Structures are given as C-alpha cells and as structure tokens.
1. Test of understanding: given the chain, find the longest segment containing no GluC sites (Glu not before Pro) that are in a DSSP loop and have at most 14 other Cβ atoms within 10 Å.
2. Which far-off residues, 5 or more places away or on another chain, put their amide H under 5 Å from the one on V53, with H placed in the peptide plane?
3. Would you compute, from DSSP H runs of 4+ residues alone, the mean residue ellipticity of the chain at 222 nm, taking -39500 (n - 2.57) per run and dividing by the full residue count, rounded to the nearest 500?
4. Pull up all non-local amide H partners of F173: gap of 5 or more, or a different chain, and H-to-H distance under 5 Å with H placed in the peptide plane.
5. Within a 10 angstrom radius of the beta carbon, how do T77, T176 rank from fewest other beta carbons to most?
6. Give K32/K289; K20/K289; K32/K272; K20/K73 a once-over and call out the pairs whose C-alpha atoms are over 24 Å from each other.
7. Need the C-alpha centroid separation for segment 227-251 versus segment 63-127, integer Å.
8. Consider the candidate values [x] 0.96; [y] 1.22; [z] 1.00; state which one is Rg/Rh (Cα atoms, Kirkwood Rh) computed from the structure displayed.
Amino acid sequence: MFLFPSYRHQSADSIICSKKAVLLDCDGVLYKLGNALEGAAEFVESIQKDKRVFFVTNSSDASPDHLVSALAKIGITATPDQVLSAPCITARVLKRRGITKVFLLASHNMVSQLRAEGIEAVVPDPDMPVDMLGRTHFPDPDVQAVIAGNTTVFNYSIIAQALQYLVRPGVAFIATNRDAVYPGPYAPLPDANSVVAALSGCCNGRQPELMGKPQPLVFDVLREEFGIDARDCVMIGDQLHTDIKLAKNGHAASLLVLTGVTPPSEWRSWVKASGIRPDAVVGGVSDLKYWRRTA
C-alpha cells in the first residue's frame with residue numbers, strides 16, 4: 001500500500017513498531033552533505049530506546065569511527081558496532097576467505113578497515129606513466145583481489161593498473177557497491193558504479209562480486225553476530241535499487257524516504273518503472289516522529 005501525503009504516517013509507524021531492528025541508510029536519510037535533515041536526531045534518539053539500530057550505508061568513506069563522528073556532528077549518538085557499511089561487510093568477507101592483500105580503488109578511509117581485519121591494501125598511483133606498466137616491479141604478485149568502490153581520484157592510469165591484476169588468473173574482482181549516484185549539493189554525483197563500469201569495460205564485461213546493498217550479506221552479519229533475523233528488520237532508505245531492494249532480497253520490511261535521490265514528484269513513476277515496491281513511503285524521517293503512538 002502506498003501512502004498519500006495526508007495519510008502517510010500510520011502504516012510506516014506501524015511497521016517500525018512491529019520490528020526489533022531498524023536499519024538506516026545515512027546520506028539522503030539522516031543528512032545531506034554533512035548537514036542534518038529535519039528530525040533526524042530526534043527520530044534516531046526515539047528508536048534507540050526500544051530498537052536495535054544499525055547504520056547501513058554503501059559509502060566507501062564510512063569507516064565505523066568516521067561515520068560515528070559524522071553522526072555525532074548532527075546530534076546522533078552511535079557506536080562503531082552499529083555501523084554496517086559496505087566497506088565493513090567487504091572486510092569481513094575478505095577475512096573469512098583468507099584474502100590478505102588487495103588492490104584498492106576506493107576511499108582511503110577503507111584502508112584502516114581492511115587493516116583491522118589483517119588485510120593489506122595496495123593503492124594506485126594516479127601519476128604512474130602507463131608505458132611503464134610491466135617494466136617495473138608493478139604489479140604486486142601477492143595481490144589476491146581488486147576492490148572497487150567510490151573514489152574521486154580516478155584516471156586512465158589507475159584503470160590500466162587495475163587491469164594488470166584483473167587479467168591475472170585467480171585474482172577476484174569485488175565491488176563494495178554499485179550505486180550509480182549519491183546526493184550532491186545541487187545535483188546527483190557519480191558513485192562507485194562509474195569505477196566498476198570502467199574496470200568491467202576493459203575486462204571483456206567481467207562483472208564483480210557485490211558486497212554492499214542490495215546484496216543481502218548484511219543480514220548474514222546481523223544473524224551471525226547479533227542474533228537478529230531479517231524478518232525482524234525494517235530498512236529505511238532513499239534509493240529504490242539499493243535500500244529498498246536490499247530489504248526485498250532479505251525479506252525485511254522497507255520504508256522509502258524522499259529526502260535523497262528519489263524525487264518527491266517522481267517516486268510513483270520510479271517505483272512503477274523499477275518494479276521495486278517499498279512497504280511505505282514518507283517525505284522524510286521527520287514524518288516518523290510519532291511512531292510510538294501506534295504501539
């Protein structure tokens with residue numbers, strides 16, 4: 001059931017009341033460009049009292065400490081164990097597979113997350129002349145995987161460096177996420193999929209294994225580390241193809257907010273075109289401040 005503006009609260013509030021855990025996307029839901037969205041701190045404070053709350057983001061910048069600090073700046077109290085970002089999930093999976101060294105095309109904040117799991121990250125040199133590839137000690141023979149995420153430092157040389165690993169037998173190709181865009185100050189900006197597509201394009205269409213949303217690996221972590229089943233969760237996010245599809249893939253409930261990527265004037269057409277249907281739609285988390293009244 002889709003909720004029209006004058007009736008949008010009751011169904012969404014009831015969903016939150018019925019669940020044990022609330023999974024929150026961050027950018028476009030709680031803040032935009034580091035600035036708090038209306039009602040974000042108040043809503044998180046209210047659900048922290050009764051629910052398990054986790055911050056589930058695809059951002060390559062979102063190391064636990066970095067995200068906790070960013071949330072604190074907008075008045076939200078969180079702990080590192082509540083952060084289940086795509087880089088966190090990636091590091092956990094790599095460790096389980098015994099991968100100890102990777103070539104990393106993502107935010108430098110991800111280096112510390114990998115290091116915490118005993119994984120060394122080799123980072124590209126954007127100034128490396130491409131005609132020197134194969135003539136020096138590059139590539140590193142111990143690299144076991146290429147990790148692609150969002151990065152603002154990306155050029156032809158970096159693509160060429162990654163290619164040297166991707167053509168080697170046994171080297172895995174892994175994407176933290178495949179988000180197309182993220183909310184910029186005045187317009188959408190390219191996200192990790194621009195990096196992934198460039199690498200795939202020079203590897204005969206080879207596709208990476210996806211770690212972040214909408215891949216439901218986060219629900220494995222919730223079950224194994226926190227004893228929480230996906231059916232006891234509600235995912236609140238602003239993107240149909242990541243947040244809402246994650247919920248559908250894991251059999252969790254979903255709430256779409258219209259303060260991020262999905263335009264308030266177009267969400268119905270976007271839902272129809274994508275076939276991805278949220279369980280409820282609200283303007284933003286500020287519309288959920290009365291959720292306790294439905295308990």
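1. With GluC sites (Glu not before Pro) excluded where exposed in loops, the chain gives 39-265 as its longest stretch.
2. V22
3. -9000 deg cm²/dmol
4. Under 5 Å from the amide H of F173: V146, E209.
5. Going from sparsest to densest Cβ surroundings: T77, T176.
6. Long pairs (Cα-Cα over 24 Å): K32/K272; K20/K73.
7. Segment 227-251 and segment 63-127 have Cα centres separated by 21 Å.
8. The value matching this structure is [z].
Every read-out reported here was derived from the displayed coordinates using simple, explicitly stated rules and does not represent laboratory data. No experiment lies behind these values; they were computed from the predicted model shown. Here Cβ is always computed from backbone atoms with ideal geometry, including for glycine, and neighbour counts include all displayed protein chains.
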